[in-house]
Amino acid sequence: MKKELIKELFEKFENACYIYEGVECWSARELQNILGYAKWDNFSKVIDKAKVACESSGVVVSHHFPDVGKMIDLGKGAQREVEDVALTRYACYLVAQNGDPGKSEVAFAQTYFAVQTRKQEMIEQRLLDVARVSAREKLSKSEKKLSGIIYERGVDDKGFALIRSKGDAALFGGFSTNDMKHKLKVPDGKPLADFLPTLTIKAKDFATELTSHNVVEKDLKGNEKIGKEHIENNLAVRKMLQERGVNPEHLPPSEDASKLKRKLESDEKKIVKDAKKKKMK
């Protein structure tokens, strides 16, 4: 495919994009023309195949192929509303995959939307990774805060470790910290929290913050009273999760949060470095 055609098609796809209910979309009527389909009936059959592919993949079709109306000019100022579909980026990808590969426009669209869809997936995954690392850092701060509060109330480092372990057992339905580390295959010397999913990290953080608050409000002192408070808070959080159908001890492990943090930091340095290069150019 010639560079001139690639550039032309790229600009057509970029310019055809519009926002429908807060989501990037392409008009099926406009995409029909860009992909070289003369008749709507022929192109609508391609859309139907794409919808079947969407449903087969377990994705809600209406989320990616909403029916909309489109006004077309009839001449002399007259207009008529015709059938149209707002296609999301994923929908466009499926349409391209089910189109005529003999058409150069369709061949280009298959690559264009595949790459763009992958970029979107990468962005979404990065946001999830950032959220998990942030949650892990927040838990560390909450535990440090609790440690400082209870240290002034007669609990040493050994006592804090025991209180935290009893809290874990309450949260994980009787599984101790070591039990959960074995269950999730956490490497020796690594903290359990680094391998917990974001939801569980936030659950532990909430229980820890509750304990910090209540220790001060109730003026609790000593291992026994503070430990009892921490257990009760973790049990309360566990009950809330179970009411929503979640058993934290059954959730699968996630990627090591410490490694994930280093990866994100490395990516940020690369972005800054690339930005500086572009600025120099």
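Can you spot a residue in the stretch 26-39 that is in a strand (DSSP E or B), out of contact with any Pro (no Cβ under 7 Å at 6 or more places or on another chain) and buried (at least 17 other Cβ atoms within 10 Å of the Cβ)? Steps first, answer last, please.
Of the stretch 26-39, the ones in a strand (DSSP E or B) are 26-27.
Now restrict to residues that are out of contact with any Pro (no Cβ under 7 Å at 6 or more places or on another chain): 26-27.
Next, from what is left, pick out any that are buried (at least 17 other Cβ atoms within 10 Å of the Cβ): 26-27.
Yes, because at least one residue in the stretch 26-39 is in a strand (DSSP E or B), out of contact with any Pro (no Cβ under 7 Å at 6 or more places or on another chain) and buried (at least 17 other Cβ atoms within 10 Å of the Cβ).
Which condition number in (1) over 23 Å from the mean Cα position of the chain (by Cα); (2) among the aliphatic types (A, V, I, L, M); (3) part of a helix (DSSP H, G or I); (4) surrounded by fewer than 20 Cβ atoms within 10 Å (Cβ to Cβ) is the one that Ala114 fails?
(1)
Restricting attention to the stretch 184-213, and to residues there that are out of contact with any helix residue (DSSP H, G or I) (no Cβ under 7 Å at 6 or more places or on another chain) and in a helix (DSSP H, G or I), which single residue is farthest from Asp129 (Cα to Cα)? Even if it seems obvious, please write down each step before you answer.
Applying the first criterion (out of contact with any helix residue (DSSP H, G or I) (no Cβ under 7 Å at 6 or more places or on another chain)) to the stretch 184-213 yields 185, 187-191, 195-197, 199, 213.
With the extra rule that they be in a helix (DSSP H, G or I), the set shrinks to 195, 199, 213.
Details: Phe195: 13, Leu199: 13, His213: 29 Å.
In this case the residue turns out to be His213.
What are the pairs with Cβ atoms under 7 angstrom where one residue, in the stretch 31-48, is over 22 Å from Glu8 (Cβ atoms) and the other, located anywhere, is assigned to a helix (DSSP H, G or I) and among the β-branched types (Val, Ile, Thr)? Sequence gap at least six, or different chains.
The qualifying pairs are Ile47/Val95.
For the stretch 52-69, give me each residue that is touching a residue at least 24 places away in the same chain (Cβ under 8 Å) and part of a helix (DSSP H, G or I).
Initially, the stretch 52-69 is screened for residues touching a residue at least 24 places away in the same chain (Cβ under 8 Å), giving 53-54, 59, 63-66, 68.
Within the stretch 52-69, Ala53, Cys54, His63, His64 meet the criteria.
Please work out if Asn42 is more than 22 Å from Gln116 (Cβ to Cβ), at pLDDT 85 or above, more than 23 Å from the chain's Cα centre (by Cα) and not charged (D, E, K, R).
Values: more than 22 Å from Gln116 (Cβ to Cβ): yes; at pLDDT 85 or above: yes; more than 23 Å from the chain's Cα centre (by Cα): yes; not charged (D, E, K, R): yes.
The answer is yes for Asn42.
Just give me the residues in the stretch 202-212 being surrounded by 24 or more Cβ atoms within 10 Å (Cβ to Cβ) and over 11 Å from Val237 (Cα atoms), in sequence order.
Listed by number, the list holds a single entry, Thr211.
Results for (1) part of a helix (DSSP H, G or I); (2) modelled with pLDDT under 95, shown as yes or no for each residue.
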| residue | (1), (2) |
| --- | --- |
| Lys228 | yes, no |
| Glu232 | yes, no |
| Val237 | yes, no |
| Met240 | yes, no |
| Glu255 | no, yes |
| Glu265 | yes, yes |
| Ile271 | yes, yes |
| Ala275 | yes, yes |
| Lys278 | yes, yes |
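Consider Ala109 carefully, then state whether it is surrounded by 18 or more Cβ atoms within 10 Å (Cβ to Cβ), farther than 24 Å from Lys261 by Cβ, of a type in the set (A, V, I, L, M) and in contact (Cβ under 8 Å) with a residue 12 or more places away in the chain.
On the way: surrounded by 18 or more Cβ atoms within 10 Å (Cβ to Cβ): yes; farther than 24 Å from Lys261 by Cβ: yes; of a type in the set (A, V, I, L, M): yes; in contact (Cβ under 8 Å) with a residue 12 or more places away in the chain: yes.
Answer is yes for this residue.
Among the candidates Phe172, Phe195, single out the residue that is in contact (Cβ under 8 Å) with a residue 12 or more places away in the chain, within 26 Å of Lys225 (Cβ to Cβ) and within 30 Å of the chain's Cα centre (by Cα). Before you say what the answer is, go through the steps one by one.
On the way: Phe195 fails: within 26 Å of Lys225 (Cβ to Cβ).
One residue alone meets the criteria, Phe172.
I'd like to check something: does the stretch 87-100 contain any residue that is of a type in the set (A, V, I, L, M), crowded, with 21+ Cβ neighbours inside 10 Å and either more than 30 Å from the chain's Cα centre (by Cα) or not in a helix (DSSP H, G or I) (or both)? Break it down into steps so the answer makes sense when it comes.
Filtering the stretch 87-100 down to residues of a type in the set (A, V, I, L, M) leaves 87, 91, 94-96.
If we keep only those that are crowded, with 21+ Cβ neighbours inside 10 Å too, we end up with 87, 91, 94-96.
Okay, now just the ones that are also either more than 30 Å from the chain's Cα centre (by Cα) or not in a helix (DSSP H, G or I) (or both), so 87.
Yes: one or more hits.
Among the candidates Glu249, Glu243, Glu224, single out the residue that is among the acidic types (Asp, Glu) and more than 26 Å from the chain's Cα centre (by Cα). Explain how you work it out, then say what you get.
Numbers: Glu249 fails: more than 26 Å from the chain's Cα centre (by Cα); Glu243 fails: more than 26 Å from the chain's Cα centre (by Cα).
Within the list Glu249, Glu243, Glu224, the selection yields Glu224.
So, of the residues in the stretch 127-163 that are modelled with pLDDT under 95 and basic (Lys, Arg), which turns out to be surrounded by the fewest Cβ atoms within 10 Å (Cβ to Cβ)?
Lys158
The values are calculated or read from the model by the stated rules, or taken from the named source; none is laboratory data. What you see is a predicted model, and the numbers here were worked out from it, not measured in a lab. All Cβ positions, even for glycine, are placed from backbone atoms using ideal geometry, and neighbour counts span all protein chains on display.
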